[in-house]
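A short write-up of the structure that comes next.
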Amino acid sequence: QQQVKQSPQSLIVQKGGIPIINCAYENTAFDYFPWYQQFPGKGPALLIAIRPDVSEKKEGRFTISFNKSAKQFSLHIMDSQPGDSATYFCAASRVPVGSGSRLTFGEGTQLTVNP
Amino acid sequence: EPEVTQTPSHQVTQMGQEVILRCVPISNHLYFYWYRQILGQKVEFLVSFYNNEISEKSEIFDDQFSVERPDGSNFTLKIRSTKLEDSAMYFCASGGTGRNSPLHFGNGTRLTVT
């Protein structure tokens with residue numbers, strides 16, 4: 001019930017392509033859905049987040065699409081660049097993390113953007 | 001920009017030894033966390049800490065683990081008797097008090113138990 005499933009495990013696109021990473025969750029009590037970007041040797045860094053009261057959120061080249069009925073959400077990266085090559089994690093929490101709640105992470109997607 | 005700092009960056013220890021991983025959270029944050037990431041696997045929650053006590057812990061966080069905020073700035077994770085399977089990257093994180101206050105992660109401590 002606490003799991004977050006992420007796919008694909010790895011993804012290779014050409015520069016300018018639009019990689020899409022998908023996540024699915026089981027626990028309907030999840031209330032906050034962030035995406036984290038992680039470069040080698042670094043900690044995860046928040047990229048963008050969404051609450052279930054909206055179906056889409058866009059920040060720069062990053063867009064989250066959220067389907068509450070299907071319990072799925074996805075990350076789209078527009079006009080991808082080689083500098084976007086990193087591991088991306090989706091996550092979910094039951095209450096906003098500002099209240100000390102745990103984040104449950106997906107398995108991660110290793111994205112490679114070729115020049 | 002303020003950041004979460006962790007020391008050491010890499011710790012090698014022998015099985016059965018005690019280790020203390022140290023973190024300095026962002027100064028005005030009130031919620032503190034430890035997560036771990038076994039090589040090639042997902043990031044897993046260990047424990048959250050607020051107002052000088054544990055607010056939530058996972059099934060991973062057994063009696064071998066403890067956390068402490070010994071002063072106004074440091075936040076530590078102690079593993080009393082390390083096992084081989086404790087080898088992982090350990091991330092400290094801190095968060096503010098806002099409803100959508102994001103977590104800020106440190107760069108981690110790589111723990112290798114031999």
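The values are calculated or read from the model by the stated rules, or taken from the named source; none is laboratory data. It should be emphasised that the depicted structure is a prediction, and the values quoted were computed from it without experimental measurement. Using ideal geometry, Cβ is built from the backbone for each residue, glycine included, and neighbour counts are taken over all protein chains shown. All accessible areas refer to the heavy atoms of the entire protein, side chains included, with ligands and DNA or RNA removed. Shrake-Rupley method; radii C 1.70, N 1.55, O 1.52, S 1.80 Å.
For the reader, a short list of remarks on this structure follows.
- The condition of being assigned to a strand (DSSP E or B) and modelled with pLDDT under 95 does not hold for A:Phe66.
For (1) surrounded by 15 or more Cβ atoms within 10 Å (Cβ to Cβ); (2) in a loop (DSSP other than H, G, I, E, B); (3) of a type in the set (A, V, I, L, M, F, W, C), each residue gets a yes or a no:
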| residue | (1), (2), (3) |
| --- | --- |
| A:Ile12 | no, no, yes |
| A:Ile21 | yes, no, yes |
| A:Phe30 | yes, yes, yes |
| A:Pro34 | yes, no, no |
| A:Gln37 | yes, no, no |
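- Condition check for A:Val113: outside any loop (DSSP other than H, G, I, E, B), aliphatic (A, V, I, L, M) and touching a helix residue (DSSP H, G or I) at 6+ places or on another chain (Cβ under 7 Å): yes
- Considering each residue of the range A:87-104 in turn, at least one proves to be in a helix (DSSP H, G or I), within 24 Å of B:Gln41 (Cβ to Cβ) and at pLDDT below 95.
- Yes/no for A:Glu26 being within 14 Å of chain B (Cβ to nearest Cβ) and surrounded by fewer than 17 Cβ atoms within 10 Å (Cβ to Cβ): no
- Number of residues in the range A:11-55 that are among the aliphatic types (A, V, I, L, M) and closer than 14 Å to A:Thr87 by Cα equals 8.
- Which listed residue, of A:Gln81, A:Gln72, is farther than 22 Å from A:Phe105 by Cβ, more than 14 Å from chain B (Cβ to nearest Cβ) and in contact with a strand residue (DSSP E or B) (Cβ under 7 Å, 6 or more places away or on another chain): A:Gln81
- Qualifying residue in the range B:75-94 (condition: surrounded by fewer than 18 Cβ atoms within 10 Å (Cβ to Cβ) and touching a helix residue (DSSP H, G or I) at 6+ places or on another chain (Cβ under 8 Å)): no
- Flag if B:Leu103 is aliphatic (A, V, I, L, M) and either open to solvent by less than 20 Å² (accessible area, probe 1.4 Å) or facing chain A (nearest Cβ under 8 Å) (or both): yes
- Close contacts from the range B:52-63, counting a first residue that is closer than 20 Å to B:Leu30 by Cβ and at pLDDT below 95 and a second that is open to solvent by less than 40 Å² (accessible area, probe 1.4 Å) and polar (S, T, N, Q), with Cβ to Cβ under 8 Å and a gap of 6+ residues or different chains, come to B:Ile54/B:Ser48; B:Ser55/B:Ser48; B:Glu56/A:Ser101; B:Glu56/B:Ser48; B:Lys57/B:Ser48.
- Residue under evaluation B:Tyr35, criteria (1) surrounded by 17 or more Cβ atoms within 10 Å (Cβ to Cβ); (2) assigned to a loop (DSSP other than H, G, I, E, B), criterion not met: (2)
- Residues of the range A:41-58 satisfying the condition of being open to solvent by 50 Å² or more (accessible area, probe 1.4 Å) and either touching a residue at least 12 places away in the same chain (Cβ under 8 Å) or not in a strand (DSSP E or B) (or both): A:Gly41, A:Lys42, A:Leu46, A:Asp53, A:Val54, A:Ser55
- Residue count for the range B:43-68, restricted to those that are within 14 Å of chain A (Cβ to nearest Cβ), surrounded by fewer than 18 Cβ atoms within 10 Å (Cβ to Cβ) and outside any strand (DSSP E or B): 4.
- Near pairs, Cβ below 6 angstrom, 6+ apart or cross-chain, from the range B:68-89 (without any contact (Cβ under 8 Å) to a residue 60 or more places away in the chain) to any residue that is aromatic (Phe, Trp, Tyr) and not in a loop (DSSP other than H, G, I, E, B): B:Arg69/B:Phe75; B:Phe75/B:Phe32; B:Leu77/B:Trp34
- Some residue of the range B:79-102 being basic (Lys, Arg), modelled with pLDDT of 95 or more and part of a strand (DSSP E or B): no
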